[in-house]
1. Can you compute the label reach from D90? Point 7 Å from Cα along the Cβ direction, backbone N cut-off under 19 Å, restricted to segment 121-139.
2. In segment 81-175, what is the volume of the convex hull around the alpha carbon atoms, normalised per residue and reported in Å³?
3. Could you sort D74, D82 by their accessible area in this structure, using a 1.4 Å probe and putting the largest first?
4. In terms of solvent-accessible area of protein heavy atoms at a 1.4 angstrom probe, what is the ranking of H87, H60, highest value first?
5. So what is the calculated 222 nm ellipticity per residue for the chain, using -39500 (n - 2.57) for each DSSP H run with n of 4 or more, over all residues, to the nearest 500 deg cm²/dmol?
6. S139 versus R160, label points 7 Å from Cα toward the beta carbon: distance in nm?
7. Could you work out how much longer the chain between T173 and Y11 gets when fully extended? Use 0.36 nm per residue separation minus the Cα distance between them, nm to one decimal.
8. Considering only protein heavy atoms, what is the solvent-accessible area of F94 at a probe of 1.4 Å, reported in Å² to the nearest 10?
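The values are calculated or read from the model by the stated rules, or taken from the named source; none is laboratory data. This structure is a prediction, so every number in the text was calculated from the model and none was measured. In this analysis, Cβ positions are derived from the backbone assuming ideal geometry, glycine residues included, and neighbour counts consider all displayed protein chains. These area figures cover heavy atoms from the full protein model, side chains too; ligands, DNA and RNA do not enter into them. Shrake-Rupley method; radii C 1.70, N 1.55, O 1.52, S 1.80 Å.
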Amino acid sequence: MQPLFRIGLGYDSHRLGPGGPLRIGGIDIAGGDAGDRETNDPAGVGVHAIGHSDADVLLHAITDALLGAIAQGDIGRLFPNDQAVNHDRDSADFVNKAMELVAAAGYQINNLDAVILAERPKMAPHIDAMRARVSQLLSCQLDCVGLKAKTGEGVDAVGRGEAIAARVVVMLTKV
């Protein structure tokens, strides 16, 4: 007998580099204006996450949480970074495939809670758009998607603005 509920945990991180835009939660975010002290971006060139695909840390962590909840491994098994087809790939494809596997296993989203860890750019102005996109990808109500952002307060790679990360917990319900 399958359990009524399953819980999955996802995590992802990427180094940051100059340029942009930065894609998080399926939306593109500008990296700051010229001379923006708040984002530590004095040249105004913005930042982007460095990765094989579009390096969307939130969607990668969501994919891992979904796969973990149904005991189907991780994103690297489904979408290896040594395959050319995955280069610059839209991370929404990863979430869509994970959701197909969730449905095939007989589950649906109960709720998801996530945190983005980023020193820059500021996430608060983009949270609502990210929640809406994630809700759309997961085919669930907006109030089933919790999302917040935290800075690194100057500690570790996130706090120094060298990296971005996301942590996700998802609960699935038997259909």
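1. Flagged as within label range: 129-139.
2. On the way: hull volume 11.5 nm³, N = 95.
Hull volume over Cα atoms, normalised by residue count, gives 121 Å³.
3. Working: D74 65, D82 125 Å².
Most to least solvent-accessible, the answer reads D82, D74.
4. Heavy-atom accessible area, descending, gives H87, H60.
5. Calculated mean residue ellipticity at 222 nm is -7500 deg cm²/dmol.
6. Computed distance between label sites S139 and R160 equals 4.4 nm.
7. The span from T173 to Y11 would gain 56.2 nm if fully extended.
8. Surface accessible to solvent at F94 totals approximately 10 Å².
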